[in-house]
Structures are given as C-alpha cells and as structure tokens.
1. Among the residues of region 313-330, are any under 30 Å from G110 (Cβ atoms) and of a type in the set (K, R)?
2. Keeping to region 107-126, report how many residues are open to solvent by 30 Å² or more (accessible area, probe 1.4 Å) and either farther than 21 Å from T60 by Cβ or in a helix (DSSP H, G or I) (or both).
3. With respect to K21, determine if the residue is touching a helix residue (DSSP H, G or I) at 6+ places or on another chain (Cβ under 7 Å) and either open to solvent by less than 70 Å² (accessible area, probe 1.4 Å) or within 24 Å of F305 (Cβ to Cβ) (or both).
4. Looking at (1) touching a Pro at 6+ places or on another chain (Cβ under 9 Å); (2) at pLDDT 95 or above, which is the one condition that is false for N364?
5. Hey, can you tell me all the residues within region 327-348 that are among the aliphatic types (A, V, I, L, M) and either assigned to a helix (DSSP H, G or I) or exposed (fewer than 14 other Cβ atoms within 10 Å of the Cβ) (or both)?
6. Here is a list of conditions, (1) surrounded by 15 or more Cβ atoms within 10 Å (Cβ to Cβ); (2) modelled with pLDDT of 95 or more, and D61 meets all of them except one; can you say which number that is?
7. Return only the number of the condition from (1) among the β-branched types (V, I, T); (2) touching a Leu at 6+ places or on another chain (Cβ under 7 Å); (3) in the same structural domain as G274 (by TED's automatic domain parsing) that T219 does not satisfy.
8. Has region 135-146 got at least one residue that is open to solvent by 10 Å² or more (accessible area, probe 1.4 Å), away from ligand 1 (no atom under 14 Å from the Cβ) and within 19 Å of the chain's Cα centre (by Cα)?
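The values are calculated or read from the model by the stated rules, or taken from the named source; none is laboratory data. Worth saying up front: this structure is predicted, and the values here are computed from it rather than measured. Glycine gets a Cβ as well: all are built from the backbone with ideal geometry, and neighbour counts include every protein chain shown. Protein only, heavy atoms only, side chains kept; ligands, DNA and RNA dropped before computing areas. Shrake-Rupley method; radii C 1.70, N 1.55, O 1.52, S 1.80 Å.
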Amino acid sequence: MMEAIKAPRGTRDILADESWKWAHVLKICREVARDFGYNEVLLPIFEHTELFSRGIGDTTDVVEKEMYTFIDRGDRSITLRPELTASMVRSYLEHDMIHQPQPVKLWGHGPMFRYERPQKGRYRQFQQVDFETLGAANPLADVETIDTSMEIYRRLGISNLQVLINSVGCPECRPVFRSALQNFIGDRLGDFCETCQSRFERNPLRVLDCKKPGCKELTESAPVVLDSLCGDCRSHFDMVTSGLSRIGADFRTDNRLVRGLDYYTKTAYEILAGELGSQNAVCGGGRYDNLAEAIGGPHVPGVGFASGIERIVLTMEGQGAYPGEKPGTCVYVVAASPEAGLEAASLVHEIRSKGISADTDYMNRALKAQMKRASSIGAEIVCIIGSEEMESGTVGFKDMTSGVQEPIPRSEVMARLTAWKEARR
Ligand code: ATP
Ligand code: MG
C-alpha cells in the first residue's frame, strides 16, 4: 500500500473539538474591534518579498531564516506573509488612506507562515489577529493599543498575564544605545552563543532577545535602553506608562525587551502567559514610525499588535477559561420504524428552517441505538416518530434533561420547540 500523506511539518488541522474555541476568539476580537473603533480588512496571504525584506529588516530572524519565499510562474519573488503589519501599511498607502481622517484603525486575522522549529505553541503555519492604528504619533494611541489587546484577553476570561513594556528608541537615540551595548557584548563576545556572536555586528539589540539561559545571564548587567533615550522618546515612554497607570493596567517595564522585527520605534511590548511554557508570548506589539517610509511611502507613524490564536487557545485551555458552551445539536429526531423515515426527514427539515439545530439518523439504527446517539451528541429534546405516532398524528416529545416523555400532536411540535428555544435564551 502507498504511504498515507500527512499534513506538512509545523502545520496542524484544527479539528471540531477545537475549532469552536477559535470561532469564539474571533467573535470576541470582532466585538472588541467594534467597541474600540477598528475596521476589518482582508489582505492577501502572499506579497512581494520586498515588502518584508524592506519592511521587517534584512537582518531579522524572520527575513533571514523564516520566510516561505518562492519564484512564481511570472518570475516574481513572492513570500507567504510572516506577519500582517507590513501588509497593513502597504494597504494603507496603496489605498490612500492617508487622505482619510486620521488615525486609521484597522484589524485583520488569518494564517501567517514562518519556517521555524515546530514545538508546542510554535508552528510553521499559525494564525494571528492583528490590530493597527496608523497616522497617530500620540503616545495615548500606544496606550489604546495595549488596552485593546488586554480587553480581548479579559473578555476571553484569561487572567494572570504579564504585560511587559519598553522603549527601543528611535533612529536618533538607538545608535547611542547600540554602541553602548556593542561595547558591553564585545568585551565578553566569546561567552555568547554562536547566533549572538553573529548578531553582534549586524543587529546587537537582538542579543537581548536570545532565549538561551547563558546569554540571558550574560546580558543581565548590560546597559539599558531607557538610559540612552533622547528627550522625545523619553517623554513618549513616560506618557505611555502614565496612560497605562491611569486606566489601571497591570504592567511592568522590562529594560531588556526588544522585538524580533526591526521596524519598531519607541514603544515595544509583549504579553506573556505562564501556561505557554517556553513559547510564552501570547501577544507582541509596539510602535513603528518608520515602517511606511521603509516600504517607499511618506512618514506615517503607527502602532499595533499581533496575537497568536494558537497561543490564545492554549492559554484558555490551560486556565480552564473557556466562558461559552460548546455548540451542539439541540433536537434529535428518531425514526422508530422504517416507514417513519420520510416523516422524520420532513420534521428535521422544518425544525432546522426555524433556526433550531436538529439532526436525525441515516444509518437505519434501532430505536435504542438512536436514543443513545441522541444523548451522545447532547440533544436536549428528542422527537420520536414510530408507526403508532404516524397513525395517531402525534410525536413522542422527550425532554432529555428531565427525562419526561409525552405524546403531543404533530401540528404542535413546532410551537413547542419555538417556545422551548425562547425559554432557553
Ligand atoms: P516568539 O518570540 O515566540 O518567536 P515573535 O516575537 O516572533 O514570538 P511576533 O512576530 O511578535 O512574535 O508575533 C506576534 C505573536 O504571534 C506572538 O506573540 C505569538 O503569539 C504569535 N506567534 C509568533 N510566531 C508564532 C509561531 N511560529 N507559531 C505560533 N504563534 C506564533
Ligand atoms: Mg519568533
């Protein structure tokens, strides 16, 4: 026999026992987007490679090692998007949103692709929700961004999150920090891991982001970015922390926090969940005032965040936080004798047309097996039609919660079910 084909490494099928949780996450995101004034956009899954190499930065892990890039049949270099921010800014520029009242607040969601080493909470195809505010340099827009992400988790019933914030400065003050850090690292270069050694020249800030315990320890006494900030970045940062305190946000300043993508300026933040183990970031975001220019547009300040849905769902599961109920079939129609099949099919059709979820048997199961099936799918009402019911024009109406079964006229079934559905709301 031929070997069965499996899903590619780093991808996963989100099956029925999980997909309803995803639908819930998106529902909450949509509600938060509405309440905070973000409009949804649906953007392409692939873009010109240049968008990411120029936008995210050539020396970042994402661009250097993680992109799914290929030449298409028209000889163009195409990349499956590794994130959404660059596409959001591209779309803003392409559609002249700069001429709309500012800021323009957009949100979107969908699959992202990164060639990474798959492990719990880290996949090659994963889903993000992404919220961006374009056109506002005001630090209070950063506060709103952070508040938006926290509101999503709050409404999802997730608690115990750690919100870490930092500033990564701007092109004016970052070089000062960069050289202070380079001096520090240079003095002990041999003690750092190979990756960090290679980052030392090209992108020393990323050394602070290394997850290896040895490197983490070494950078504990490294210079901190907040000491090198220029006046503008400093006052921006102070306003963000004041704004967060004012809305009662629970956050902590983390001097070592840098982000994996080059386009960040000023505010960088991350939200961590203990349930996630080593892939502990449920959300990453910040300000990117130079991204629009990097991809060939005018100066457009921006701030936003992205959150991984896999990690949101893992956190919800870890905390037992799922607030809703798994959707199920409300009514099961049992055909208790072979000639009742048509009548059962017609009843199930009628119930469904009233917006009540219903199902019936297509496997010619015996009565007992059909009753078992009804309870295994969690049906709350069972309608039984056998030869006796056909003759008397009735239906056996069983409330599965109380266990009470009574015959009711067929003509009254829909009214009973509609009343039951109303009462259940
Ligand atoms: P990490 O440090 O875990 O690699 P990152 O800094 O690369 O995260 P971002 O680029 O900021 O992550 O993406 C925002 C969010 O998207 C992350 O906080 C995480 O929830 C999610 N995410 C990123 N990469 C993956 C992945 N490979 N699989 C699943 N979720 C991911
Ligand atoms: Mg990463």
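1. Here is the first cut: in region 313-330, the residues under 30 Å from G110 (Cβ atoms) are 313-329.
Of the ones still in play, those that are also of a type in the set (K, R) are 326.
Yes, region 313-330 contains at least one residue that is under 30 Å from G110 (Cβ atoms) and of a type in the set (K, R).
2. 2
3. Values: touching a helix residue (DSSP H, G or I) at 6+ places or on another chain (Cβ under 7 Å): yes; either open to solvent by less than 70 Å² (accessible area, probe 1.4 Å) or within 24 Å of F305 (Cβ to Cβ) (or both): yes.
For K21, the condition - touching a helix residue (DSSP H, G or I) at 6+ places or on another chain (Cβ under 7 Å) and either open to solvent by less than 70 Å² (accessible area, probe 1.4 Å) or within 24 Å of F305 (Cβ to Cβ) (or both) - is met.
4. In the conditions (1) touching a Pro at 6+ places or on another chain (Cβ under 9 Å); (2) at pLDDT 95 or above, N364 misses (2) alone.
5. Looking only at region 327-348, we keep the residues that are among the aliphatic types (A, V, I, L, M), and these are 331, 333-336, 340, 342, 344-345, 347-348.
Selection gives A340, L342, A344, A345, L347, V348.
6. Only one criterion is unmet by D61, namely (2).
7. Unmet for T219, out of (1) among the β-branched types (V, I, T); (2) touching a Leu at 6+ places or on another chain (Cβ under 7 Å); (3) in the same structural domain as G274 (by TED's automatic domain parsing): (3).
8. yes
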